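Taking it in order: structure first as structure tokens, then the write-up.
None of the figures in this text is laboratory data; all of them are computed from the coordinates on show. Bear in mind the structure is a predicted one, so any value in this text is a computation, not a measurement. All Cβ positions, even for glycine, are placed from backbone atoms using ideal geometry, and neighbour counts span all protein chains on display.
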Amino acid sequence: MVKEAFYKGTCPLGEPLEIPITVDEATDRYLALKTKEDIRNYYDDNGYVVARNLVSAELCNEMLHQFRHEVKPYNGYIYRQASANPEKHKFTKTNYMLNSILNLQSVNSQHFPNFRKTGIDILTNKNIQQTLTALMGEPGKLVQSMYFEGNPVTWAHQDCYYLDSERDGAMIGIWLALEDIHPAGGRFYIYPTSHKIDIRKNGGDFDIAFHHDRYKELVKKIIRDFQLECTAPVLRKGDVLFWGGKTIHGSLATFDQQYSRNSITGHYIPESTRFMQFQTIVKPLQLKKINGVNVNFPKDLDSAKNRTIMKVETTFPKSFQFAKKVAIKLFTK
């Protein structure tokens, strides 16, 4: 009996989706990309590319170890990806951290010394940086990062709606698999060629502060109208998926709760450009050069001032979050 090569799941529109289970070394389209030019051409045509075996298994295992020993037992507040607010851990029924970490380079090294250091080593990894340079045409600088264990199920979106280079769409995201990602565990998905479509900008009736749901529905409409096809590539430990700021992407639902999706995301902009937030705000960066790469340290909790700000946020969360929404609305009119 021939073993099925696909897991049967559903795409973000609720339609059936065949999710590949394993990599066929002989036919894998990404392994066939032999040169930097091949990788760049595939990326330019499709809006994404996968680089196999880019980060060593040893470094991935070290990151997993530090997460499980330093981060997971912690019962205090950490800034989170989905809300950008400080929160305590939330766990799935199978004990996976659900609310992913925002900016692992900025976590408090008093609590997470090795997690922070290893995370920065990965985000500034030579192989990742060389690929970014090939795709951008110049070195990249890190503006944001995330760490996932459980699956918050990210909606279909373009990064440029939230953050980007001042050169529209020039930001590149990376998604590093720290373990083999099971097709039922919340695979990263991409809509190839979607980077060639212009979508409404952040502001007015589509601003993030008070009309975020309208933007989410618009993206779904674009997918339907342009008949875009969803793909969720096999990502094994050490594989890295690179995608552009205008490429529609997200994470599939978890179809089987026993599976985790330990992974790191990084967002990089070309070294020569400024950082843009919500397509209107030029945001200053708190840069330090590490391993030859400029790394942004937003709300760095090694700073006493930022620890005080977090204390205010956790003491008066509703007031602080509403004030933040109003401020964003004023900037995205």
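Data table
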{"read-out": "Dipole magnitude of the chain, debye to nearest 20 (Cβ charges: Lys/Arg +1, Asp/Glu -1, about Cα centre)", "value": "1260 debye"}
{"read-out": "Identified option (computed mean projected area of the Cα convex hull in nm²; candidates [x] 32.0; [y] 17.0; [z] 26.6)", "value": "[y]"}
{"read-out": "10 Å-binned pair-distance histogram of the stretch 100-176 (Cα, whole percent)", "value": "15, 44, 35, 6"}
{"read-out": "Residue exposure sequence - His182, His111, His195 - by fewest surrounding Cβ within 10 Å", "value": "His111, His182, His195"}
{"read-out": "The stretch 1-146 shape via C-alpha gyration tensor axes, a/c threshold 1.5", "value": "oblate"}
{"read-out": "Signed unit charges on C-beta, dipole axis of the stretch 42-331, positive-most listed residue Tyr48, Leu178, Thr231", "value": "Leu178"}
{"read-out": "Distance between modelled label sites at Asn114 and Arg68, nm, 7 Å Cα→Cβ extension", "value": "1.2 nm"}
{"read-out": "Computed [θ] at 222 nm, helices only, for the chain once each DSSP H run of length n ≥ 4 contributes -39500 (n - 2.57)", "value": "-8000 deg cm²/dmol"}
{"read-out": "Estimated FRET transfer efficiency (Thr308, Asn41; beta-carbon r; R0 56 Å; 0.05)", "value": "0.70"}
{"read-out": "Using θ = phi - 60° and Karplus 6.51 cos²θ - 1.76 cosθ + 1.60, couplings along the stretch 305-315 (whole Hz; Gly, Pro as x)", "value": "4, 6, 5, 5, 4, 4, 4, 5, 4, 7, 7"}
{"read-out": "Cα-Cα over 26 Å, subset of Lys72/Lys299; Lys196/Lys216; Lys8/Lys246", "value": "Lys8/Lys246"}
{"read-out": "Amide H within-cut-off set for Ser165, under 5 Å, with H built and near neighbours excluded", "value": "Ala170, Met171, Met276"}
